[in-house]
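Derivation of every value follows stated rules applied to the coordinates shown; laboratory data play no part. Remember, it's a predicted structure, so these values are computed and weren't measured experimentally. Neighbour counts are summed over all protein chains in view; Cβ atoms, including those assigned to glycine, are modelled from backbone coordinates with ideal geometry.
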Amino acid sequence: MRTPTAGVGATAVVVAAARAEESRRPDRLFHDPLAERFLTEARKHSTPEAVEVVRHPMEHYFAIRTRYFDDYLLRACAEGCRQIAVLGAGLDTRAFRLEWPPGTRVFEADLPEVFAFKEPVIGAAGVEAACDRVVVATDLAADWETALLRAGLDPGLPTAWLIEGVLCYLPDKADDEVLAGVTRLSAPGSRLAGEHVSHRVFTDPVARPMLDALESVGAPWLSGVDDIGGWLGASGWASEVVDLTDPAVHHGRINPVDRERITAGPTRGWMFQARK
């Protein structure tokens, strides 16, 4: 088994570590028992020190965004959506840990090397998905649309899309292409949630150590969007954009440094939900 410790796949280990830490808290925002198993397996191999440089300042954010997107997906299902597509799924375990309504189908799309690590750990855990889980090994820089369609995605059904921790890693304008692909495959009534950063983050001195660490493991942030609502709206998506200062989002986990930085001038990034 090969641990994804280089490239964008390495960030999946970072997030799994943060989710494992959150799951140990008595006031946890979610429970992800598989995250600890991923972390244990990854530690058997050489995990770059840079991964920890990224993880620690971002740990509370990973917890907040996980809960935010959990709530989004469950709300979409409560409103009747039964087709879920997670692009850049990484070590996401929502197919196993969320209470999905009967008939829900969850597509997980990510690089083959990510699933080469992920699937044996899941198999060894002996757990079963709480939905119809479909693994799609593909690259968002390639023809991922065809891969999803061949795996059974029905573009005639409303889909709840999730693009978590992905868009900023794509080359300039490739995020536009991913959004265009999502739009093409989305029937009326579809939903979309994700996150992106603004170009301001690239000149933020506080963010520089994290950005350098990501670059050192071959996973640099490559793109940003300064008007996320306008970006989504140009493709026909009506969006709701939030940041970490919103009490309904941060669940008391925002720290004073984040609060000060986010409110001081234009935002560095957003989480969003949108409808078609």
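Here are a few things to note about the model shown:
- Approximate spin-label separation THR245-GLU128, in nm, with each point projected 7 Å along Cα-to-Cβ: 4.8
- Amide H to amide H, with H built 1.01 Å from N, ARG268 comes under 5 Å of no residue 5 or more places away or on another chain.
- Prolate/oblate/rounded call for the range 126-276, Cα gyration tensor, a/c under 1.5 rounded: prolate
- Proximal charge balance of ALA274 [Cβ under 9 Å; K/R count +1, D/E count -1]: +2
- In straight-distance terms, cross-link reach from LYS44 covers every one of the lysines whose alpha-carbon lies under 27 Å from its own, apart from those fewer than eight places away in the same chain; here that gives LYS118.
- Between ARG75 and ALA147, the contour length at 0.36 nm per residue exceeds the alpha carbon distance by 23.2 nm.
- Among the listed values [x] 0.94; [y] 1.07; [z] 1.28, the one computed from these coordinates for Cα Rg over 2.2 N^0.38 Å is [x].
- Of all the options VAL206, VAL135, VAL242, the one that moves most in a Gaussian network model of the chain with Cα springs shorter than 10 angstrom is VAL206.
- DSSP assigns beta bridges within the chain; of those with both partners inside it, close to 40 percent run antiparallel.
- The calculated FRET efficiency for LEU211 paired with ARG43, based on their beta-carbon distance and R0 = 30 Å, is about 0.75.
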